[in-house]
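Let me begin by presenting the structure, written as structure tokens, before commenting on it.
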Amino acid sequence: MSTFPRPHRPQRRLTEAEDKVVRGVQTLYLHRMLWLGLVDPVPNPSPMSEDDAAWVRENVWPPFFHKIDDGYAWGYWRWSFCERGTCRNCLAGRCDGCMHRQKGGPDVCDNAEPVHNHRGRTVATLILRPGGEPCVWWCRCPCPKDGDAPARPRRRRKEQPEAPSRTSTEGDRRRAQESLPGL
């Protein structure tokens, strides 16, 4: 058994609208969102309303915060470890490869955050929880994280029909190049 208690916060399911937002993220950011558990973050209750938080992000955050935060569907700087959602393996239905099962436990922060100046340089370290208690990300999937791994479902390979051979035309080449912006 793990020494960390498993949070009793459930796995969140994305709505169709949220799923569309996530699928619209650039591939590199989506890949990082999967690794960080930010595809389906589960927010803690906050004394600040979402409108107030949006005002703070717009009027107080320095530009370098926006550069990273705006690339993620739900933001990057807004989530602590304990608010992260489901790991990439569980989202893909591969619970036997759950990230925290493979690591033997959850991801734990170092209980400190950098303080930045207006140019983005780290000028100090802020200890957020003076009692020393860590903030923990434990994959939200209900699959077991210890003991025997759940059986991996076998997938049957689908027979791929042969694609009809077709000769390329000048119009096909032009359309393919138009879809690559900046080239």
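Solvent-accessible area of H31, probe 1.4 Å, all protein chains present, reported in Å² to the nearest ten, please.
H31 has an accessible surface of roughly 100 Å² with all protein chains in place.
Ranked from the most accessible area to the least, with a 1.4 Å probe and all protein chains present, what is the order of W74, W35, W138?
On the way: W74 50, W35 115, W138 20 Å².
Putting W74, W35, W138 in descending order of accessible area: W35, W74, W138.
Within region 61-139, what whole-number % of the accessible surface is contributed by carbon and sulfur, with the 1.4 Å probe and all protein chains included in the calculation?
In region 61-139, the share of accessible area belonging to carbon and sulfur is 54 percent.
Could you pull the accessible area for Y29 with a 1.4 Å probe, rounded to 10 Å²?
So the heavy atoms of Y29 present about 70 Å² to solvent.
Between M48 and T27, what length in nm is gained on full extension when 0.36 nm per residue of separation is reduced by their alpha carbon distance?
Difference between extended and current length: 4.4 nm.
At 1.4 Å probe size, what's the solvent-accessible area of L28? Round to the nearest 10 Å².
Per-residue accessible area (L28): approximately 150 Å².
If the chain between V56 and R94 were fully stretched, how many nm would it gain, using 0.36 nm times the residue separation less the Cα-Cα distance?
9.8 nm
Using a 1.4 Å probe and counting only protein heavy atoms, arrange W55, W137 so the residue with the most accessible area comes first. Working shown, then result.
Values: W55 150, W137 0 Å².
Of W55, W137, the descending order of accessible area is W55, W137.
Multiplying the sequence separation of L128 and D146 by 0.36 nm and subtracting their Cα-Cα distance, what value in nm do you get?
3.5 nm
If one computes the Cα centroid of region 21-67 and of region 73-134, what distance in Å separates the two points?
Measuring centre to centre over Cα atoms gives 13 Å.
The values are calculated or read from the model by the stated rules, or taken from the named source; none is laboratory data. This structure is a prediction, so every number in the text was calculated from the model and none was measured. Ligands, DNA and RNA are excluded from the accessible area calculation, which covers all protein heavy atoms including side chains. Shrake-Rupley method; radii C 1.70, N 1.55, O 1.52, S 1.80 Å.
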